[in-house]
Amino acid sequence: MKLTKEPGSARSGIGDWYWQRLSAVVLAVLLPLPFLLIVAVYSGSVDQLGLLDLLDHFFSRLLHTLLILALIVHAYMGLKVIFEDYVPVIGWRVTLIGGMLVVMSGFGIWWLAIIWAWGG
Amino acid sequence: MSEMIRLSIFRFDPERDDKPFMQSYEVPVTKRGMKLLDALNYIKWELDGTLTYRRSCGEGVCGSDGLNINGVNGLACITPVTGLKQPVHVRPLPGMHVIRDLVVDMDHFFDQYRQIQPWMQTDTPTPEHERLQSPEERALLDGQYECILCACCTTSCPSWWWNGDRFLGPAVLLQANRWIVDSRDEATGRRLDQLEDAFRLYRCHQIMNCMEACPKELNPTAAIDSIKRKLLARKS
């Protein structure tokens, strides 16, 4: 573990830290909403047409988009930290983080396409 | 016959042993308030002169005898033997290279300490008399300056075990904060620049083992949080 040369600072890290916490705040506010919606459906307060109306509303789509973006950012930041902690080989670390970025971006785009009904 | 305590102590002599082993000893309780260091001294002086460990002041000031005691890091000289679960398992500080028995190589730890440049840095001319500090400014150093660099906190930190080559660890970051909050120091910006790094600082995941392990009851996690807040404040 002994260093032969002092590597200095990479001037990074605060961005990750900030985005992880910012996305956590967004999740804390928005994540309960879908569960409340499920409770409303199961309790009979909202019927199928009412549910579709709610989900179809522009404001709902906007909140849904925010939620999915915050979820992806938060999951990416959290998993990135885990890879950095547990994967000591730099090549594997970069590959895994890159692969995760591709998979999560794909998932995000697919989900956004559903939310905004792209392609009809 | 006096009360006996049982100890199981980590032994390893790289010149003689292929691998480490635990050796059992029985030590009489020789006085009231007997500390673990007294038991180790008894073993070395009366039973087995080959047992190797560091010690100096014997009263929790020098930080030489940091050990892993029943799985928790602490100073042998201020840990009472009564109340410890027996046999008392005594091991070297975790995550460090063992030189022999309970003695570990502290070079890397002190290399990291040097990286934060732990001395007062000023740009303004030296005043005729001392650099003054108000009682309130001095109070900011409480809970920071008392660190004795025993490495109990740093070697109890999983983040340091995983990324100790780059993560500075709780003891060094506590010391970094000690200079950042010192009103007389004029290198705050440079110090923050040096710490702004995903590995050097942000590997701290608030596990808080450091706080549990510190024999001086300091809170390195809070110090690290203070550094993060200062970095955030200058960015926002």
In this structure, the FRET efficiency calculated for B:S56 and A:W19 from their beta-carbon separation, with R0 = 56 Å, to the nearest 0.05, is 0.75
Expressed in angstrom and ordered largest first, the alpha-carbon extents of chain B along the principal axes are 65, 38, 29
Nearest 10, in degrees from 0 to 90: the angle of helix A:90-115 to the longest Cα principal axis of chain A is 10 degrees
Computed from every Cα-Cα pair in the protein assembly as shown, P(r) in 10 Å bins starting at 0 and rounded to whole percents is 5, 19, 22, 19, 16, 11, 6, 2, 0, 0
Check: in the protein assembly as shown the Lys pairs 8 or more apart or on separate chains whose Cα atoms fall under 30 Å apart number 26
With Cα coordinates, the longest principal axis of chain B makes an angle with the long axis of helix B:220-235, in degrees rounded to 10, of 20 degrees
Here the Cα Rg-to-2.2 N^0.38 Å ratio for segment B:107-235 is 1.04
Shielding of A:14-21 by other chains, given as the mean Cβ count within 10 Å, works out to 4
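Can you quote the Å³ per residue value for the convex hull of the Cα atoms in chain A, rounded to an integer?
Details: hull volume 17.0 nm³, N = 120.
Per-residue hull volume (Cα only) is 142 Å³.
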With the label point 7 Å along the Cα-to-beta-carbon line of B:Y145 and a cut-off under 17 Å to each amide N, the hits in segment B:199-232 are B:218-219
Loop-resident trypsin sites (Lys or Arg not before Pro) in segment B:17-85 with no more than 15 other Cβ atoms inside 10 Å, DSSP not H/G/I/E/B, are B:K31, B:R32, B:K85
In this structure, the FRET efficiency calculated for B:V103 and A:E6 from their beta-carbon separation, with R0 = 22 Å, to the nearest 0.05, is 0.30
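For segment A:49-115, what is the convex hull volume of its Cα atoms per residue in Å³?
Values: hull volume 4.7 nm³, N = 67.
Measuring per residue, one finds 70 Å³ for the Cα hull of segment A:49-115.
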Rounded to the nearest 10, the angle in degrees between the Cα long axis of helix B:170-180 and the longest principal axis of the Cα atoms of chain B comes to 30 degrees
Rounded to the nearest Å, the spacing of the alpha-carbon centers of segment B:1-20 and segment B:87-152 is 30 Å
Checking rank on B:120-126, B:139-145, with mean other Cβ inside 10 Å and highest first, the result is B:139-145, B:120-126
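Give me the extension gain from B:K216 to B:D193: residue separation times 0.36 nm, minus the current Cα-Cα distance, reported in nm with one decimal. Could the numbers behind the result be given before it?
Values: separation 23, 0.36 × 23 = 8.28 nm, distance 2.87 nm.
Extra length available between B:K216 and B:D193 comes to 5.4 nm.
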For segment B:1-132, Rg(Cα) over 2.2 N^0.38 Å is 1.36
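Coordinate-derived values only; no laboratory data. Keep in mind that this is a model prediction, so the values were computed, not measured. We place every Cβ from the backbone using ideal geometry, glycine too, and count neighbours over all the protein chains shown.
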